[in-house]
Structure formats: C-alpha cells, structure tokens
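S.K.: Below you'll find the structure I mean.
The values are calculated or read from the model by the stated rules, or taken from the named source; none is laboratory data. Since the model is a prediction, treat every value here as computed from it, not as a measurement. A quick note on method: Cβ atoms are made from the backbone with ideal geometry, for glycine too, and the neighbour counts reach across all protein chains shown. The protein model used for the area step is the full one, side chains on, heavy atoms only, and it has no ligands, DNA or RNA in it. Shrake-Rupley method; radii C 1.70, N 1.55, O 1.52, S 1.80 Å.
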Amino acid sequence: MLRFEQQANGATSADIFERLKRGDRSAQEWVYRSYSRMVYTTARRMLGDPGLAEDATQDTFVDVLTKAGTLDQEGALGAWVRRIAINHCLMRLRSPWTRWRVVPRSDADPVRSDEATVERATDLERALDRLPPKARAVIWLHDVEGYTHKEIGRLFGRTASYSKSQLARGYQRLRESRTN
C-alpha cells in the first residue's frame, strides 16, 4: 500500500490532498489504490461476508470521493477513510435487511496454503466468522483497530458496558470453538 506521505507522479502529499479536495481523478484513483485493501479487509473482518464487505468498500469510497472537500487536515486522510468504512460496517450490522445475509462460513472452507501461518490465520478467520456479527465487530474494533470500550459503545449507540460484555462473550465463544 502506498503511504500518503510518499510522492505520486512527482507530486507532494499536500498536492495530492488539494487535488483530491478539488475532485481531481488521478488523486481520487491514488486514494482508492492506497486505501481500498485496508477498507476491504476491515469490512471483511467486521462483517464476515465477502459480498457485504465489497458493498461496504464501494459505499466507503463513494463517500470518500463525494465528501473529500470537507476534510481539513491532510494527515487525517487515512483515519477519516477508516472511520467511514467502520461506520458503513456498523450500519450494515444494525440493519435488519443485512442480518439475514450474515451467515457463518462452513468449516469445510479450503485452506489456501500449506504454510502454518496462513493455516492459523484461516482458523482464526473461521472462528471469528462463527461469532454473532456484533460480537465479531466489537472484537475487531477493540483488538485490531484499538478502539476503547467507551468509543465502541458510542459507535453502537450503547454504553461501555455493552462493549465489554460483547467482548467477553465473543472471547468465550472463541475459547469454546478452540476446544471443539
């Protein structure tokens, strides 16, 4: 992934940032190429469904490109993109329309490599996929994204206690899945 601080086609990050705010196509393409993998990975882990993750990624970049003019600080771009992606995931988790689509994956999913690291990652992904969507999202936000319980509670429109209980229940289910 390209870093925003790096130069693209000889332009400085400040140039790219200003061009993005003006709607310049090459700057938009650069931002998409730089952040799309991170957005998709976050959405995939939070939602547990590749199709929903693709939808959330698309919606994230629609917002990024249409609202880029509202961003004030050049250094805040990555955090801003991530926040939009997480908000789209949370909207899907709250939606009754989406809930019926979120189906845990089968244990029969193939492992794509012989390497032990990839196998462990696949096992973890399967275990996370078996969790209820909100518990999976809380674990992801807390353990991977580094959100506090208070922040997670606020994102879900709840209290910090809600986040703590979802995290504890999610951990318990992960422990149980290890023994099965």
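S.K.: Looking at segment 128-180, which of its residues are aromatic (Phe, Trp, Tyr) and under 15 Å from residue 43 (Cα atoms)?
M.R.: Passing the criteria: only 140.
S.K.: Ok, one more. Residue pairs, Cβ under 6 Å, 6 or more apart or interchain, first in segment 20-41 and among the charged types (D, E, K, R), second open to solvent by less than 20 Å² (accessible area, probe 1.4 Å). List them.
M.R.: These pairs meet every condition: 21/68.
S.K.: Looking at (1) in a loop (DSSP other than H, G, I, E, B); (2) closer than 23 Å to residue 79 by Cα; (3) of a type outside the set (Asp, Glu), which is the only condition residue 138 fails?
M.R.: Here residue 138 meets the rest and fails (1).
S.K.: Among the residues in segment 25-35, are any at pLDDT 90 or above, within 20 Å of residue 141 (Cα to Cα) and of a type outside the set (D, E, K, R)?
M.R.: Yes, that holds for at least one residue.
S.K.: So, residue 77, is that one open to solvent by less than 60 Å² (accessible area, probe 1.4 Å), more than 30 Å from residue 24 (Cβ to Cβ) and either in contact with a Lys or Arg (Cβ under 7 Å, 6 or more places away or on another chain) or modelled with pLDDT of 80 or more (or both) or not?
M.R.: no
S.K.: Given the condition open to solvent by 70 Å² or more (accessible area, probe 1.4 Å) and at pLDDT below 60, answer yes or no: does some residue in segment 9-24 qualify?
M.R.: yes
S.K.: List pairs: first in segment 45-63 and without any contact (Cβ under 8 Å) to a residue 60 or more places away in the chain and assigned to a helix (DSSP H, G or I), second of a type in the set (A, V, I, L, M, F, W, C) and surrounded by fewer than 21 Cβ atoms within 10 Å (Cβ to Cβ), Cβ under 8 Å, 6+ apart or cross-chain?
M.R.: 52/102; 60/84; 63/84
S.K.: Of all residues in segment 162-180, which are open to solvent by 80 Å² or more (accessible area, probe 1.4 Å) and at pLDDT 85 or above?
M.R.: Within segment 162-180, 164, 169, 173 meet the criteria.
S.K.: State all residues of segment 141-161 that are part of a helix (DSSP H, G or I), out of contact with any Lys or Arg (no Cβ under 9 Å at 6 or more places or on another chain) and open to solvent by less than 50 Å² (accessible area, probe 1.4 Å); if no residue qualifies, say none.
M.R.: Answer for segment 141-161, where residues must be part of a helix (DSSP H, G or I), out of contact with any Lys or Arg (no Cβ under 9 Å at 6 or more places or on another chain) and open to solvent by less than 50 Å² (accessible area, probe 1.4 Å): 141, 155.
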